Amino acid sequence: GAVVSQHPSWVICKSGTSVKIECRSLDFQATTMFWYRQFPKQSLMLMATSNEGSKATYEQGVEKDKFLINHASLTLSTLTVTSAHPEDSSFYICSARQNSGNTIYFGEGSWLTVV
Amino acid sequence: RKEVEQDPGPFNVPEGATVAFNCTYSNSASQSFFWYRQDCRKEPKLLMSVYSSGNEDGRFTAQLNRASQYISLLIRDSKLSDSATYLCVVTLYTGGFKTIFGAGTRLFVKA
């Protein structure tokens, strides 16, 4: 099946620093990718929809200047958490939609801990 | 009303039991439907697509009822390894592609 790779799998950073997470579709092209956040024992929360070659669409309540999204190619989207704070510690997951269909495939997720 | 609603559970069933989950969606323009499985501290993984004609994969059967706007997942002969959260996912196009996740239904299968 289709594969989406997310990197890094886990990262620990200091408060105030920025962290970049990459999401790659390895064997298919994805014009649309999605970024989610999931806190322990809670459901996935869509943060933003990333569109190749254009600005991302952010969900209500998600700060676009804090969570920078870049989707420069059909196989790569990045999420940068800027000026990270401990409350940003969470499980961040990306997903990609195959251009040839509607199926969504998820990356393995990235655990972010801000200390 | 939420766009996609699921009973959060948890469902606690013994091994070998049959368990069914339902999911309702509010937008009649919804186009594609899926069930995903998410294990604790892992990413969701596609379990199966859902069609009006029904879709069966081994012990799992998914069904779509467009008239009533709900989808279902039936698990027969439950295994311990079926314990997970099952997410109902709906996609539609409203000027842009949109994916909506249900909050998930937690299943615990006991020995």
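The values are calculated or read from the model by the stated rules, or taken from the named source; none is laboratory data. Source: prediction; values computed, not measured. Counting neighbours? That spans all protein chains shown, and the Cβs are built from the backbone with ideal geometry, glycine included. To get the accessible areas, we keep the full protein, side chains included, count just its heavy atoms, and leave off ligands, DNA and RNA. Shrake-Rupley method; radii C 1.70, N 1.55, O 1.52, S 1.80 Å.
Observations
- Threshold 50 Å², the range A:66-115 residues less accessible with all protein chains present than alone (1.4 Å probe): A:Asn102, A:Ile104, A:Phe106, A:Trp111
- Summing Cβ point charges (Lys, Arg +1; Asp, Glu -1) relative to the Cα centre of chain A gives a dipole of roughly 60 debye.
- With the largest listed first and rounded to whole Å, the semi-axes of the equivalent ellipsoid of chain B from the Cα gyration tensor are 24, 15, 12.
- Positive-end residue of A:Ser77, A:Leu44, A:Thr57, charge dipole of the range A:24-101 with Cβ unit charges: A:Leu44
- Model label sites at B:Thr94 and B:Ala17, defined 7 Å from Cα along the beta-carbon direction, differ in position by 3.6 nm.
- Note on chain A: with neighbouring protein chains present and a 1.4 Å probe, carbon and sulfur make up 50 percent of its accessible heavy-atom surface.
- Accessible area per residue for chain B is 49 Å², calculated with a 1.4 Å probe on protein heavy atoms, without ligands, DNA or RNA.
- Lysine pair number, Cα distance threshold 19 Å (strictly under), the range B:1-110, separation 8 or more or different chains: 4
- FRET efficiency, 1/(1 + (r/R0)^6) with R0 25 Å, evaluated for B:Asp39 and A:Thr31 via beta carbons: 0.30
- Summarising the amide proton neighbourhood of B:Ser83: residues at separation of 5 or more, or on other chains, whose placed amide H is nearer than 5 Å comprise B:Val109.
- Solvent exposure of the range A:14-115 as accessible area per residue, Å², 1.4 Å probe: 48
- Between the range A:17-49 and the range B:12-57, the Cα center-to-center distance that results, in Å: 21
- What a 1.4 Å probe finds exposed on chain B is 48% carbon and sulfur by accessible area, rounded to a whole percent.
- Charge tally in the Cβ shell below 11 Å around A:Val114, where Lys, Arg are +1 and Asp, Glu are -1, A:Val114 excluded: -1
- Close amide H contacts of B:Tyr51 (hydrogens built in the peptide plane, cut-off under 5 Å, sequence separation of 5 or more or a different chain): B:Leu64.
- Whichever lysines have a C-alpha closer than 16 Å to that of A:Lys66, once near sequence neighbours (fewer than 8 apart) are set aside: A:Lys14, A:Lys20, A:Lys55
- Using a 1.4 angstrom probe on protein heavy atoms only, the contact between B and A buries about 1400 square angstrom of accessible area, both sides summed.
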